[in-house]
Amino acid sequence: ELAKLYSPLDIPESGEKPFTDYSRWRLLVNDGGRHTWHYLRTDEEYEKWPQNEVDKYWLGIPLNLPALPKAKDPLEAARNGYTFYKHLQSEDGHWAGEYGGPMFLLPGLVIGSYIAGLGFTLEERLEMIRYLINRAHPKDGGWGIHIEGHSTVFGTALNYVALRILGMHADHPVAVRARACLHKLGGATGAPAWGKFWLAVLNVYDWEGLNPIQPELWLLPDWVPFHPHKWWIHTRNVYIPMSYLYGARFKMEENDMIRTLRQELYTTDYHSIYWPAQRNNVASADLYAPHTTVYDAINAVLGMYENCAIPPLRNAAMKRAYDLIVYEDENTEYQTIGPVSKMMNLLCRFYVEGTETEVYRQHAIKRADFMWLGGEGMMMCGTNGSQLWDIGFISQALVETGLANEEENRESLRKALEWLDGCQIRDNPRHYDTAYRHRSKGAWPFSTKEQSYTVSDCTGEGLKSVLYLQNQVKGTEKLISDDRLFDAVDTLLTMQNANGGFASYELIRGPQWLEWLNPAEVFGDIMIEFCYPECTTSVITSLSIFRKYYPHYRKAGIESTIRKAIGYLHAAQNPEGGWVGSWGISFTYAAQFALESLSLAGENYSNSSAVQRACKFLLSHQREDGGWGESYKTCELASWVEHENTQIVQTCWAAMALMYAGYPDPGPIERAVKLVMSRQLPDGSWPQEAIEGVFNKNCAISYPNFKFSFPIWMLGKAHGYLKSLKERKDK
Ligand code: LAN
């Protein structure tokens with residue numbers, strides 16, 4: 001059966017040209033922004049469902065739109081930008097988009113599906129293979145942790161396995177090169193913990209080679225400082241199914257593929273490997289967050305416990321972990337919070353309940369929400385999309401630039417508001433206390449409502465967009481009632497930490513020192529929530545705008561929340577004047593947010609030394625050509641690393657930051673505007689440049705819609721800003 005689902009394929013050497021007929025692919029958008037790609041096999045289907053511009057753009061098929069009249073000023077350039085971007089708006093009002101970047105996700109999808117006996121369509125297999133061929137590092141044929149990173153064992157071993165399972169022959173030139181790269185890196189023994197995990201469930205790594213991942217932690221009373229419910233939500237949701245499969249020492253039954261992989265992945269004979277010695281063996285190319293001595297010591301003790309684990313205790317712990325897995329599945333309609341836990345939960349449910357269940361069917365279906373077809377093939381995304389995040393920025397951009405009230409844009413904004421209406425989460429999750437969830441009533445998620453998770457800044461951006469669209473755009477109806485807006489505010493007000501800052505999904509629940517126990521080796525700051533200038537800012541700005549419209553609702557609470565949050569922002573500023581961004585790259589990203597917040601609190605260049613320092617810092621990095629360019633390496637090191645090229649998106653962030661600051665000299669902003677305008681294409685779009693986002697310090701992630709929302713926003717804003725500077729000067 002499995003051999004049939006994954007039969008070997010003859011694959012061309014180069015992935016330049018599609019392996020499938022790209023004119024037959026369609027993006028289905030339904031159920032509140034759900035994205036799935038479909039290949040139309042029959043001519044009948046093909047006739048009935050024409051390919052639209054959204055499909056084409058994301059597939060890399062030229063839209064052949066006519067050249068627009070050349071922009072004579074920044075506002076015209078912004079208008080041209082939106083004229084193009086409107087073509088990418090989906091029927092339902094939101095903007096779909098690719099959310100790739102990380103290179104450790106697709107292998108989980110493939111390995112997990114393979115073990116669970118789930119296949120893919122032939123077209124999906126072909127395009128996944130093609131994606132991996134196209135993303136292999138040109139230098140050595142391996143893969144890194146993300147698309148721009150250097151080759152690592154994590155990336156190379158796992159993607160190699162994925163390619164082989166998907167049907168590539170071992171003697172295909174891409175496989176040969178990848179294997180050579182892997183062996184040069186020392187072979188798969190040196191994979192970091194999550195790599196070891198996937199290889200172990202596939203039965204090509206021995207569980208003895210992994211540090212203990214014990215479910216017993218979940219039996220501790222909730223008040224224990226390191227209880228896993230206090231971990232960062234992504235980390236705990238990955239470790240729950242991981243600990244279950246570890247506890248069960250689950251591994252796939254041996255087959256020919258597994259036996260072959262065992263030979264291909266290592267530099268020595270598989271059976272001669274001494275596994276316990278591999279537990280702390282991590283290739284130097286992979287290592288970002290080395291173990292602390294405390295963590296190693298704890299592992300030694302837990303390792304001893306593992307030899308004499310008490311069966312009733314283990315069983316109780318497994319049961320507890322399984323309950324949590326079920327809650328998470330049910331809270332998210334089988335998506336889970338993200339792509340890693342998605343495939344792990346699927347495996348747990350398969351292992352325990354088998355294949356003849358609705359759960360298995362639902363889990364299988366929801367894999368598609370993470371799969372995305374781009375011009376280079378099919379990838380697995382960082383979430384089921386970035387729907388809310390993208391619609392939030394473009395909506396605000398259009399309102400703040402005045403483009404929203406131009407006749408030809410009204411309809412698109414009406415639809416955007418409708419989409420935002422449908423996306424708001426109306427209730428707390430079904431399993432709320434039992435799954436240790438934060439309140440979600442009134443929140444907006446990062447992607448879709450179904451995904452179900454509150455994120456502080458997504459709620460902020462969602463709220464702001466709705467306030468703008470409902471109040472500042474002519475002809476929109478009030479779709480979202482005051483009560484629903486109040487719910488959003490209530491949720492935001494539950495999310496402030498003692499130091500005034502806001503974290504991502506929840507309050508900071510655990511102590512700082514938990515970070516010493518970070519087991520992941522390749523990610524930094526993942527054990528607990530941290531406060532982020534970006535998240536804090538979105539909350540400040542949304543509450544500031546909210547109170548303009550609703551000055552009486554929770555007046556005192558909002559006032560003190562904003563005040564404390566501004567205090568946090570000041571404390572988080574570096575002595576040189578910058579803020580380290582954690583979710584976008586990096587200083588330019590954070591500066592834009594921070595200076596927007598400060599401006600709403602009345603702090604600007606003329607009255608605040610913090611703002612002056614921030615401007616000075618930004619200007620010290622402006623380049624000859626008028627732009628800015630930071631490398632993703634900035635995020636690894638938390639200090640500025642220049643990118644080899646100027647970046648449009650970062651230039652927009654920096655220029656917006658200067659405008660929020662009220663920077664009095666038009667020169668730097670004019671030069672930024674000129675650069676961004678010079679890179680605009682005749683149809684109004686901008687080309688894709690370097691990767692825009694990041695997470696956990698070490699993994700970059702793509703936000704391709706940023707190259708529309710931020711240039712439109714910045715140019716439109718600069719138009720008015722530069723004009724008013726000039727008027728002031730003339731006076
Ligand atoms: C995201 C994407 C969005 C991002 C912002 C809203 C931009 C941020 O301000 C808050 C944090 C959040 C929601 C975020 C958290 C971590 C995510 C979910 C991701 C970067 C997308 C992918 C990443 C997830 C953890 C990837 C899977 C990897 C693991 C380590 C589990």
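We did not get these values from a lab; they are worked out from the coordinates using the rules stated. Here the structure is a predicted model, which means the values were calculated and not measured. With ideal geometry, Cβ positions are generated from the backbone for all residues, glycine too; neighbour counts draw on all protein chains shown.
Out of every Cα-Cα pair in the range 18-114, what percent are more than 23 Å apart? Looking at the range 18-114, the distances longer than 23 Å represent 43 percent of pairs. Packing, as the average of other Cβ atoms within 10 Å across residues, places the peptides 77-86, 29-38 in the order 77-86, 29-38, highest first. In the range 593-686, Cα pairs under 8 Å separated by at least six residues give a relative contact order of 32 percent.
Of interest is the spacing of the C-alpha centroids, which for the range 662-682 and the range 377-424 amounts to 24 Å.
Stretching the chain fully between Glu91 and Asn607 yields a gain of 181.1 nm (0.36 nm per residue, less the alpha carbon separation). Rg and Dmax of the range 337-420, based on Cα coordinates, read 18.9, 57 Å. If you average the C-alpha positions of the range 286-317 and of the range 554-622 separately, how far apart do those two centres end up, in angstrom? So the two Cα centres are separated by 42 Å. Across all directions, the average projected area of the convex hull around the alpha carbons of the chain is 31.1 nm². Relative to the Cα centre, the charge distribution of the range 28-152, modelled as +1 at Lys and Arg Cβ and -1 at Asp and Glu Cβ, gives a dipole magnitude of about 440 debye. Quick check: Cα centre of the range 160-177 to Cα centre of the range 180-215, how many Å? The range 160-177 and the range 180-215 have Cα centres separated by 19 Å. Sorting the segments 344-357, 447-460 by their mean number of nearby beta carbons within 10 angstrom, highest to lowest, gives 447-460, 344-357.
Only lysines eight or more places from Lys17 in sequence, or on another chain, were considered; those with a Cα closer than 20 Å are Lys56.
Along the axis of the charge dipole computed for the chain (Cβ charges of +1 for Lys and Arg, -1 for Asp and Glu, origin at the Cα centre), the listed residues Ala610, Ser14, Tyr46 are led at the positive end by Ala610. At q = 0.12, 0.19 Å⁻¹, what log₁₀ I(q)/I(0) does the range 374-468 have when each alpha carbon counts as one equal point scatterer in the Debye sum? With one equal scatterer per Cα and no solvent, log10 I(q)/I(0) is -0.44, -0.88.
Spin-label pair Lys723-Asn405: with each label point 7 Å from Cα along the Cα-Cβ axis, the two points sit 1.2 nm from one another. Contact order for the chain, expressed relative to its length and based on alpha carbon pairs under 8 Å spaced 6+ residues apart, stands at 16 percent.
With q set to 0.11, 0.15 Å⁻¹, the log10 of I(q)/I(0) for the range 541-631, from the Debye formula over equal scatterers at the Cα positions, is -0.36, -0.63. One compactness figure for the range 685-731 is 1.71, namely its Cα radius of gyration divided by 2.2 N^0.38 Å. Ranking Tyr266, Leu569, Asn471 by Cα position along the charge dipole of the chain, where only Lys, Arg, Asp and Glu carry charges on their C-beta atoms, puts Leu569 farthest toward the positive end. Listed by chain and number, the lysines whose C-alpha is less than 19 Å from the C-alpha of Lys726, apart from same-chain residues fewer than 8 away, are Lys72, Lys674, Lys717.
Each Lys and Arg Cβ is given +1 and each Asp and Glu Cβ -1; about its Cα centre, the range 32-86 then shows a dipole of about 300 debye. Between Ala309 and Trp223, the C-beta separation translates, for a Förster distance of 25 Å, into a calculated FRET efficiency of about 0.55. With a cut-off of 15 Å between beta carbons, the residues surrounding Ala601 carry a summed charge of +1, where Lys and Arg count +1 and Asp and Glu -1. Per residue, the convex hull spanned by the Cα atoms of the range 578-731 measures out at 106 cubic angstrom.
Other residues with beta-carbon under 10 Å from the beta-carbon of Arg484 carry, at +1 per Lys or Arg and -1 per Asp or Glu, a net charge of -2. The modelled label-to-label distance between Lys72 and Ala556, using points 7 Å beyond Cα along the C-beta direction, is 5.7 nm. Each residue of the range 444-523 gets 133 Å³ once the volume of the Cα convex hull is shared out per residue.
Which length gain, in nm to one decimal place, applies between Lys478 and Glu642 when the Cα-Cα distance is subtracted from 0.36 nm times their residue separation?
54.5 nm
Charging the Cβ of each Asp and Glu at -1 and of each Lys and Arg at +1, and nothing else, the dipole of the chain about its Cα centre rounds to 1340 debye. Ranked by the mean number of other Cβ atoms within 10 Å of their residues, highest first, the peptides 1-10, 589-598, 614-623 come out as 589-598, 614-623, 1-10. Could you compute the FRET efficiency for Arg426 and Thr268, with r as their C-beta to C-beta distance and R0 at 45 Å, rounded to 0.05? For R0 = 45 Å, the calculated efficiency reads 0.20.
Shown here: the range 120-184, whose C-alpha atoms stretch 32, 24, 17 Å along the first, second and third principal axes, sorted largest to smallest. Per-residue ellipticity at 222 nm, computed for the chain from helices alone with -39500 (n - 2.57) per DSSP H run of at least four residues, works out to -15000 deg cm²/dmol. Evaluate the Debye formula for the range 222-293 with equal point scatterers sitting on the alpha carbons, no solvent, and hand back log10 of I(q)/I(0) at q = 0.20 Å⁻¹, in q order, two decimals. Values returned for q = 0.20 Å⁻¹ are -1.19. Relative contact order, whole percent, for the range 431-590 stands at 22, derived from Cα pairs under 8 Å and 6 or more residues apart.
Converting the Cα gyration tensor eigenvalues of the range 647-731 into ellipsoid dimensions via √(5λ) gives semi-axes, longest first, of 27, 15, 9 Å. Residue-normalised convex hull volume from the C-alpha trace of the range 400-550: 136 Å³ per residue. Dimensions of the range 165-219 along the principal axes, based on C-alpha atoms and rounded to the nearest Å, stand at 50, 24, 14, largest first. With r as the distance between the Cβ atoms of Asn281 and Thr434 and R0 = 25 Å, compute the FRET efficiency 1/(1 + (r/R0)^6) and round to 0.05. About 0.05, to the nearest 0.05.
Counting only residues at least eight positions apart within a chain, or on another chain, the lysines with an alpha carbon under 28 Å from that of Lys441 are Lys230, Lys342, Lys366, Lys415, Lys449, Lys464, Lys478, Lys548, Lys555, Lys564.
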